[in-house]
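The values are calculated or read from the model by the stated rules, or taken from the named source; none is laboratory data. From a predicted model like this one, the values you see are computed outputs, not experimental measurements. Virtual Cβ from ideal backbone geometry, glycine too; neighbours counted across all protein chains shown. These accessible areas exclude ligands, DNA and RNA; they are computed on the full protein's heavy atoms, side chains included. Shrake-Rupley method; radii C 1.70, N 1.55, O 1.52, S 1.80 Å.
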Amino acid sequence: MASHIDPLAGKTIDPSLLVNVPRLVTAYFSGKPDPEIAAQRVAFGTSGHRGSALNISFNENHILAISQAICDYRKGAGIDGPLFIGIDTHALAEPALVSALEVFAANGVHVMIDQHDGYTPTPVISHAILTYNKGRRSGFADGVVVTPSHNPPEDGGFKYNPPNGGPADTDITGVMEKAANGFLENDLAGIKRIPYARARKSGFVKRYDFITPYVADLGNVVDMEAIRNAGVKIGIDPLGGAGVQYWQPIIERYKIDATVVSDVVDPTFRFMTLDWDGKIRMDCSSPYAMARLIGMRDKFDVAFANDTDADRHGIVTRSGGLMNPNHYLASAISYLFEHRPNWGKDAAIGKTIVSSAIIDRVVKKMGRKLVETPVGFKWFVDGLNDGSFGFGGEESAGASFLRRDGTVWTTDKDGLILGLLAAEVTAVTKHDPSQRFEKLTQEFGVPYYERIDAPASVEQKSLLKKLSPAQIAMTELAGDPVTSTLTEAPGNGVAFGGIKVSTDNGWFAARPSGTEDVYKIYAESFRSPEHLRQIQDDAQASIAKVFAA
């Protein structure tokens with residue numbers, strides 16, 4: 001995050017500043033995107049198309065166009081099984097679902113929606129796709145999740161998961177993006193659509209119980225019996241998101257000692273405390289957004305929250321408060337590979353190139369293979385699917401892991417199981433994940449990690465994205481000799497759109513932002529906070545030199 005922290009960070013918002021939901025929904029139906037304006041076109045990022053109706057970047061025409069593009073892609077790829085669709089609790093999710101169903105039904109796509117018109121987490125859609133497709137040779141299912149993840153209340157999002165259950169790769173999203181923008185350019189010509197009431201009665205839209213099969217299967221991925229028998233006292237905050245209807249069935253089925261601290265759903269998210277920049281953001285890795293649960297830490301042995309589509313996790317321990325996402329990943333990895341005897345001996349660990357190097361040290365000690373990839377969970381999908389990855393995790397608090405028998409659970413991030421895993425760690429080891437991480441630092445050193453933003457023009461961001469190791473030409477970083485300079489992820493040889501410079505005692509990576517006129521600097525030191533600042537200063541100075549040249 002940037003160094004400037006808003007004075008209102010961690011406090012609740014003044015009601016006068018909350019999003020006007022009727023105005024937002026009206027803008028969704030009335031705003032018409034101009035395909036000549038880049039910001040109003042369909043654009044698939046790492047997690048689908050996102051935007052807000054208030055700035056004409058997420059409107060009905062966008063969803064109609066993307067939905068038709070999905071139908072056309074399915075037809076071309078021979079995908080003719082059901083499409084599982086879930087929504088989160090953002091205000092634009094319901095209107096977007098209506099638009100999508102009108103197109104899907106008109107195209108003869110069999111769509112499965114929540115049986116009670118409720119909310120469905122991203123990992124539950126992934127689980128449903130994989131469960132349906134298991135053992136099939138044809139008639140494969142796929143899915144859509146209508147969510148902008150942890151983004152502010154005025155935002156909307158729409159993402160596609162193919163039959164592998166994970167986030168769609170660029171070979172798919174590129175085709176969809178091009179087709180959807182073609183529909184926008186031609187005033188929606190070629191889009192099949194029927195009225196919503198007809199779509200719901202058409203026989204193509206069916207109600208589906210997402211909750212029961214997911215909840216019933218949880219014991220196969222997390223040791224729920226150990227949690228129950230140990231009597232671990234758990235606090236859960238869904239942050240008003242899609243996980244809200246899942247926790248009570250989980251608590252009742254497995255008879256665990258857990259309390260849902262709030263089950264309020266409100267599209268303004270007025271109950272949230274403001275994030276670092278004074279915006280409402282359901283970011284469960286932010287100490288400002290998580291102030292409510294952090295304030296309750298003494299009431300529980302371990303507590304956790306999820307973002308709005310429940311694909312991310314935030315872990316709060318009695319001993320340490322809110323865990324840094326990197327610290328929890330290291331704790332989770334070290335625990336899982338000790339306590340999953342049925343996982344393959346060759347099962348690797350997937351991590352993104354900007355995740356903490358303490359993971360590298362933990363994995364090396366375990367004698368396991370580490371696969372370092374560009375940013376994005378899509379790089380872990382195949383490995384989780386075939387069991388060659390035991391765990392895949394991102395520095396931004398998203399991860400998933402295999403079932404206890406070593407087979408696939410989900411191929412998308414699952415914040416619910418990562419929260420429950422924190423309780424399992426506490427139950428089995430009698431130490432919470434923060435205490436486990438403390439033990440890791442005694443062996444591997446203390447990592448000081450931070451991400452900051454620095455200003456960059458469009459031209460500078462483009463230059464940074466194509467930077468070569470020769471251009472940066474660093475031989476020393478914060479007083480230590482440089483051991484590697486990378487522009488490609490070592491795990492798969494794919495360019496990650498930036499640069500990473502490492503030494504034996506620290507590293508930095510720089511990548512351009514896709515949405516703002518800044519570039520992101522991820523940095524880590526195994527010496528001290530002062531050494532971290534030196535790494536950050538050297539990083540900015542070296543990038544500035546490249547920009548000047």
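May I ask you to verify whether D453 is surrounded by 15 or more Cβ atoms within 10 Å (Cβ to Cβ) and modelled with pLDDT of 95 or more?
On the way: surrounded by 15 or more Cβ atoms within 10 Å (Cβ to Cβ): yes; modelled with pLDDT of 95 or more: no.
Here the answer is no, as D453 does not meet what is asked.
Each row is one residue, and each column tells you yes or no for (1) among the hydroxyl-bearing types (S, T, Y); (2) open to solvent by less than 10 Å² (accessible area, probe 1.4 Å); (3) at pLDDT 95 or above.
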| site | (1), (2), (3) |
| --- | --- |
| L64 | no, yes, yes |
| I70 | no, yes, yes |
| S126 | yes, yes, yes |
| I129 | no, yes, yes |
| N133 | no, no, yes |
| S138 | yes, no, yes |
| D142 | no, yes, yes |
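Would you please list the contacts, defined by Cβ atoms under 9 Å and residues six or more apart or on different chains, that run from a residue in region 111-125 that is within 22 Å of R198 (Cβ to Cβ) and among the β-branched types (V, I, T) to a residue that is open to solvent by 10 Å² or more (accessible area, probe 1.4 Å) and in a loop (DSSP other than H, G, I, E, B)?
Close Cβ pairs (under 9 Å, with a partner that is open to solvent by 10 Å² or more (accessible area, probe 1.4 Å) and in a loop (DSSP other than H, G, I, E, B)) amount to V111/P82; V111/F204.
Among V354, V302, which is modelled with pLDDT of 95 or more, aliphatic (A, V, I, L, M), open to solvent by less than 10 Å² (accessible area, probe 1.4 Å) and farther than 18 Å from D414 by Cβ?
None of the other options fit; the residue is V354.
Out of V458, V494, which single residue is among the aliphatic types (A, V, I, L, M), touching a residue at least 60 places away in the same chain (Cβ under 8 Å) and surrounded by fewer than 19 Cβ atoms within 10 Å (Cβ to Cβ)?
V494
Just one of the numbered conditions (1) in contact with a Leu (Cβ under 9 Å, 6 or more places away or on another chain); (2) under 22 Å from A9 (Cβ atoms); (3) among the hydrophobic types (A, V, I, L, M, F, W, C) is not true of V264; which one?
Of the numbered conditions (1) in contact with a Leu (Cβ under 9 Å, 6 or more places away or on another chain); (2) under 22 Å from A9 (Cβ atoms); (3) among the hydrophobic types (A, V, I, L, M, F, W, C), the odd one out for V264 is (1).
Taking the options N324, N342, N306, name whichever one is touching a His at 6+ places or on another chain (Cβ under 7 Å) and among the polar types (S, T, N, Q).
On inspection, the qualifying residue turns out to be N306.
Which of the residues that make up region 290-304 are in contact with a Lys or Arg (Cβ under 9 Å, 6 or more places away or on another chain) and in contact (Cβ under 8 Å) with a residue 24 or more places away in the chain? So that I can check it myself, show each step before the final result.
At the first step, the residues of region 290-304 found to be in contact with a Lys or Arg (Cβ under 9 Å, 6 or more places away or on another chain) are 291, 297-303.
Residues satisfying the conditions are A291, R297, K299, F300, D301, V302, A303.
Output the residue which, of all residues in region 160-181 that are within 15 Å of the chain's Cα centre (by Cα) and open to solvent by less than 20 Å² (accessible area, probe 1.4 Å), is farthest from I37 (Cα to Cα).
Looking at residues that are within 15 Å of the chain's Cα centre (by Cα) and open to solvent by less than 20 Å² (accessible area, probe 1.4 Å), I get G165.
Scan region 425-450 for residues that are among the aromatic types (F, W, Y) and either surrounded by fewer than 17 Cβ atoms within 10 Å (Cβ to Cβ) or assigned to a helix (DSSP H, G or I) (or both) and report the count.
Count: 2.
Looking at region 232-254, can you tell me whether even one residue there is at positive phi and either in contact with a Pro (Cβ under 7 Å, 6 or more places away or on another chain) or open to solvent by 40 Å² or more (accessible area, probe 1.4 Å) (or both)?
No, that holds for no residue.
Would you confirm, using the coordinates I've provided, whether D266 is surrounded by fewer than 18 Cβ atoms within 10 Å (Cβ to Cβ) and closer than 22 Å to R436 by Cα?
no
Quick check: anything in region 451-466 under 22 Å from W379 (Cα atoms) and assigned to a loop (DSSP other than H, G, I, E, B)?
Yes, there is a match, as at least one residue in region 451-466 is under 22 Å from W379 (Cα atoms) and assigned to a loop (DSSP other than H, G, I, E, B).
Does region 294-325 hold any residues that are out of contact with any helix residue (DSSP H, G or I) (no Cβ under 7 Å at 6 or more places or on another chain) and farther than 30 Å from L92 by Cα, and which are they?
Of everything in region 294-325, those that are out of contact with any helix residue (DSSP H, G or I) (no Cβ under 7 Å at 6 or more places or on another chain) and farther than 30 Å from L92 by Cα turn out to be G295, M296, R297, D298, K299, F300, N324.
Can you tell which of T407, T411 is in a loop (DSSP other than H, G, I, E, B), surrounded by fewer than 19 Cβ atoms within 10 Å (Cβ to Cβ) and either of a type in the set (V, I, T) or touching a residue at least 40 places away in the same chain (Cβ under 8 Å) (or both)?
Details: T411 fails: surrounded by fewer than 19 Cβ atoms within 10 Å (Cβ to Cβ).
T407 is the lone residue from the list that is in a loop (DSSP other than H, G, I, E, B), surrounded by fewer than 19 Cβ atoms within 10 Å (Cβ to Cβ) and either of a type in the set (V, I, T) or touching a residue at least 40 places away in the same chain (Cβ under 8 Å) (or both).
Among the numbered criteria (1) outside any helix (DSSP H, G or I); (2) open to solvent by 80 Å² or more (accessible area, probe 1.4 Å); (3) modelled with pLDDT under 95, which one does A470 miss?
It fails just one condition, (1).
For region 101-134, which residues satisfy the criterion of being assigned to a loop (DSSP other than H, G, I, E, B) and in contact with a helix residue (DSSP H, G or I) (Cβ under 7 Å, 6 or more places away or on another chain)?
First, pick out the residues of region 101-134 that are assigned to a loop (DSSP other than H, G, I, E, B): 107-110, 115-121, 134.
Scanning region 101-134 gives N107, V109, G118, Y119, T120, P121.
To keep it simple, each residue is scored yes or no on (1) touching a strand residue (DSSP E or B) at 6+ places or on another chain (Cβ under 6 Å); (2) farther than 15 Å from S355 by Cα.
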| site | (1), (2) |
| --- | --- |
| L464 | yes, yes |
| T475 | no, yes |
| L486 | yes, no |
| Y519 | yes, yes |
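How many of the residues making up region 386-396 are charged (D, E, K, R) and either without any contact (Cβ under 8 Å) to a residue 40 or more places away in the chain or open to solvent by less than 20 Å² (accessible area, probe 1.4 Å) (or both)?
Of the residues in that region, 2 qualify.
Within region 523-541, which residues are among the small types (G, A, S) and either buried (at least 19 other Cβ atoms within 10 Å of the Cβ) or free of Cβ contacts under 8 Å to residues at least 60 places away in the same chain (or both)?
A523, S525, A539, A541
Test each condition in (1) surrounded by fewer than 23 Cβ atoms within 10 Å (Cβ to Cβ); (2) part of a helix (DSSP H, G or I) for L293 and report the one that comes out false.
(1)
Taking the residues in region 478-517 that are farther than 21 Å from V371 by Cβ and under 21 Å from the mean Cα position of the chain (by Cα) as candidates, determine which candidate is modelled with the lowest pLDDT.
Only one residue fits best here, namely T515.
A399 versus (1) open to solvent by 20 Å² or more (accessible area, probe 1.4 Å); (2) of a type outside the set (S, T, Y); (3) under 22 Å from N342 (Cα atoms): which is the lone unmet condition?
(1)
Any residue in region 160-178 that is of a type in the set (V, I, T) sitting within a Cβ distance under 8 Å of a residue that is open to solvent by less than 20 Å² (accessible area, probe 1.4 Å)? List the pairs, counting only those 6 or more apart or interchain.
Between residues of region 160-178 that are of a type in the set (V, I, T) and residues that are open to solvent by less than 20 Å² (accessible area, probe 1.4 Å), the close pairs are I172/Y160; I172/P162; T173/G48; T173/Y160; V175/A69.
Take K520 and decide whether it is in contact (Cβ under 8 Å) with a residue 12 or more places away in the chain, open to solvent by less than 50 Å² (accessible area, probe 1.4 Å) and out of contact with any Asp or Glu (no Cβ under 9 Å at 6 or more places or on another chain).
Values: in contact (Cβ under 8 Å) with a residue 12 or more places away in the chain: yes; open to solvent by less than 50 Å² (accessible area, probe 1.4 Å): yes; out of contact with any Asp or Glu (no Cβ under 9 Å at 6 or more places or on another chain): no.
Here the answer is no, as K520 does not meet what is asked.
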